[in-house]
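The values are calculated or read from the model by the stated rules, or taken from the named source; none is laboratory data. Quick caveat: nothing in here was measured; it's all calculated off a predicted structure. Here the Cβ positions follow ideal geometry from the backbone for every residue, glycine too, while neighbour counts run over all protein chains shown.
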Amino acid sequence: MRLLPLWCYKNQFLSYRHVALCRMPSLFVSGLSDQLIPPVMMKQLYEMSPSRTKRLAIFPEGTHNDTWQCQGYFVALEQFIKDLLKSHAHEESAQPSASVTII
């Protein structure tokens, strides 16, 4: 519930505006016990993202500052990076190679 107009806030954190413009691969990490960024907001940001490569990793016990310590966090990060590398390698092999010499 907003009691003051947006222009009254020093930190506005208009993430939804920024995520809608970002086409870069994106990993959204959500701790279901996060009270600073509610899980519903993270899900909305994920859904608003126009990125072709996006993932939403959900950690039931994660809070805003300790989700990185949750079981499976680094596995999710590693899998996201592996998927990116695999996707990039596939895209490069599908493109015709140009006859370019780089010295």
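Looking at the stretch 66-87, which of its residues are more than 16 Å from Met24 (Cβ to Cβ) and among the β-branched types (Val, Ile, Thr)?
Thr67, Val75
Yes or no, residue by residue, for (1) surrounded by fewer than 15 Cβ atoms within 10 Å (Cβ to Cβ); (2) in contact with a Pro (Cβ under 9 Å, 6 or more places away or on another chain); (3) at pLDDT below 95:
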site: Ser49; (1), (2), (3): no, no, no
site: Phe59; (1), (2), (3): no, no, no
site: Gln71; (1), (2), (3): yes, no, no
site: Val75; (1), (2), (3): yes, no, no
site: Gln79; (1), (2), (3): yes, no, no
site: Ser87; (1), (2), (3): yes, yes, yes
site: Ser93; (1), (2), (3): yes, no, yes
site: Val100; (1), (2), (3): yes, no, yes
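Out of the stretch 22-37, which residues are outside any loop (DSSP other than H, G, I, E, B) and under 10 Å from the mean Cα position of the chain (by Cα)? Please lay out each step first, then the result.
Of the residues in the stretch 22-37, the ones outside any loop (DSSP other than H, G, I, E, B) are 26-31.
Listed by number, the residues that qualify are Ser26, Leu27, Phe28, Val29, Ser30.
Find all pairs meeting these conditions: Cβ atoms under 6 angstrom apart; at least six residues apart or on different chains; first residue within the stretch 46-58 and over 16 Å from Leu84 (Cα atoms); second residue in a strand (DSSP E or B).
Tyr46/Phe28; Tyr46/Leu56; Ser49/Ser26; Ile58/Ser30
Restricting to the stretch 38-81, count the residues that are under 17 Å from His18 (Cα atoms), touching a Ser or Thr at 6+ places or on another chain (Cβ under 8 Å) and in a loop (DSSP other than H, G, I, E, B).
Going through the stretch 38-81 one residue at a time, the tally reaches 3.
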